[in-house]
1. Please indicate, with yes or no, whether at least one residue in region 270-289 is in contact (Cβ under 8 Å) with a residue 60 or more places away in the chain, surrounded by 18 or more Cβ atoms within 10 Å (Cβ to Cβ) and of a type outside the set (S, T, N, Q).
2. Picking from G331, G304, G313, which residue would you name as being surrounded by fewer than 19 Cβ atoms within 10 Å (Cβ to Cβ) and farther than 23 Å from S449 by Cβ?
3. Could you check region 159-173 and list, in sequence order, the residues that are in contact (Cβ under 8 Å) with a residue 40 or more places away in the chain, open to solvent by less than 60 Å² (accessible area, probe 1.4 Å) and either under 15 Å from M122 (Cα atoms) or part of a helix (DSSP H, G or I) (or both)?
4. All but one of (1) part of a strand (DSSP E or B); (2) open to solvent by less than 20 Å² (accessible area, probe 1.4 Å) hold for S356; which doesn't?
5. Looking at the structure I just gave you, is D104 more than 24 Å from F7 (Cβ to Cβ) and of a type in the set (D, E)?
6. Where in region 17-119 are there helices (runs of 4 or more DSSP H), lying fully within it, with 2 or more residues that are charged (D, E, K, R)?
7. Identify the single condition in (1) assigned to a helix (DSSP H, G or I); (2) at pLDDT 95 or above that G313 does not satisfy, given that it satisfies every other one.
8. Name the residue, out of G313, G295, G323, G304, that is touching a helix residue (DSSP H, G or I) at 6+ places or on another chain (Cβ under 7 Å) and not aromatic (F, W, Y).
Amino acid sequence: MEYLPIFMKLQGREAVVVGGGTIASRKAELIAKSGANMTIVSETFSPAMQAAASRHGFRCITKSFSEGDIDHAHLVVAATDDEAVNAAVQRAAADRRIPVNVVDAPELCSFIMPAIVDRSPMVIAISSGGRSPVLARYLRSWLERTIPTRLASLGDLFGRFRAKVAERLQAFSERRRFWEDVMESQVPSLMYAGREEDAAVALDQMLSQEETACDSPGTVYLIGAGPGDSELLTIKAQRLLQRADVVVYDRLVPVDVLNLCRREAETIYAGKRRGDHPLPQEAISALLVKHAKAGKKVARLKGGDPFTFGRGGEEIQTLVEAGIEFQVVPGISAANGAAAYAGIPLTHRDHAQSVSYWTGHLKDEQLDQLNWRAMAMPGQTLVFYMARPNAEKIAQRLLQHGIPATTPCAIVQAATTPRQQTTRVALRRMPEAVAATDRELPMLLIIGSVVNLAKDLGWYADQIDSEAEVFPRHCAQPTYSADVANA
């Protein structure tokens, strides 16, 4: 972050704009909205500046700039078309330690004028650090269309109730939760509909009931963080992350998703990988119960979907036994994310009429427990999670049960992230291809003729064909041994 975003109080303070052109008039009018006393210094004044001065009562001084013009200023803007004058204004302001903005010269600025969405008392400032004002204005335009125009009225309503809430709810955490509950209630909708009196009554009723609500136990949100791309996170997941007091997250949760959590939230790493479990599963479940019983809102963040090889069911069983309230927010599974970004439809009328998901890592490594005969049925796609440690055994079992050695396999690493790589290889060479992958990156294995479609449909990242002759441009679904399929 190159610039610290702050809001400066200028009510009744002195601000100076050096320049009398149209751009200078826009800067002056914007600053004047903050209640600053505006002084304009320029040898000439454009019609736009004259009109602005008339509307807002600016003090206009007709002269060339001199350093003394900013002696009593709290903020200065240089907006002339003379670079030498602008530089002189910057030097004079810097000598006096006065915040200064030089139009179209970010290297001379101690602060930058952001693009603004004004729903006073709610104000949103957007800055590109001076790199792309057009991009900042584009984002402002999008927000203007998105944010309700009556948001200002909602802010005023909250302001009227603020002292009353603070008197009733002594603890900061209680007040924060109350206001979060208000935002989830009918109050905003009533205000946006213009029913201000009804909104105030509803807010007052919520406050009167808050004493009982504050004594309620905490809640656990079991949230699927998706396969890697933070933009695939659901809207509900983002909203609940902003409410959580504690966030317990796994190894595969992207940093960009963690950045969406409330800044004050406590974050606890509970990642696991083969042979390395800093927190055993029982300890993780106990941790969720502990914080929830302390009255906190706990977000349990899991990569992919929590109910797809994520042990989410085990964790909520513990919550049920402890009497803890919980919500489950599904996420895009690793299989869906990897397949979509690799250009592999998991089902296709010409290739696979079903898809099945399998684990490549069982407790005590008892892979024989898997239904290999079911995997050998034609017309399906097989997806293996956690297949790296047992890739050779998986290939052997599939071959033994009649799946052709030329069946296409896709090894997708770091799915949906900038590091994604898809390696396509025949089943007979799958183990050695898996062994050559980066062990630090998560991996998913997709097996079936749909993998061939990635040759034409792959769109997101590089694809590597380890054995190109195995992948004809068009490939019918494989025919498996009838004896094995019907065994």
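The values are calculated or read from the model by the stated rules, or taken from the named source; none is laboratory data. Predicted model only: the values in this text are computed from it and were never measured. No Cβ is skipped: glycine too gets one built from the backbone with ideal geometry, and neighbour counts run over all protein chains shown. For accessibility, only protein heavy atoms count, side chains too; no ligands or nucleic acids. Shrake-Rupley method; radii C 1.70, N 1.55, O 1.52, S 1.80 Å.
1. yes
2. G313
3. Within region 159-173, F161, V165, S173 meet the criteria.
4. (2)
5. Answer is no for this residue.
6. On the way: elements: 22-32, 47-56, 83-95.
Answer list for region 17-119: 22-32, 83-95.
7. Tallying (1) assigned to a helix (DSSP H, G or I); (2) at pLDDT 95 or above, G313 fails exactly one: (2).
8. G304
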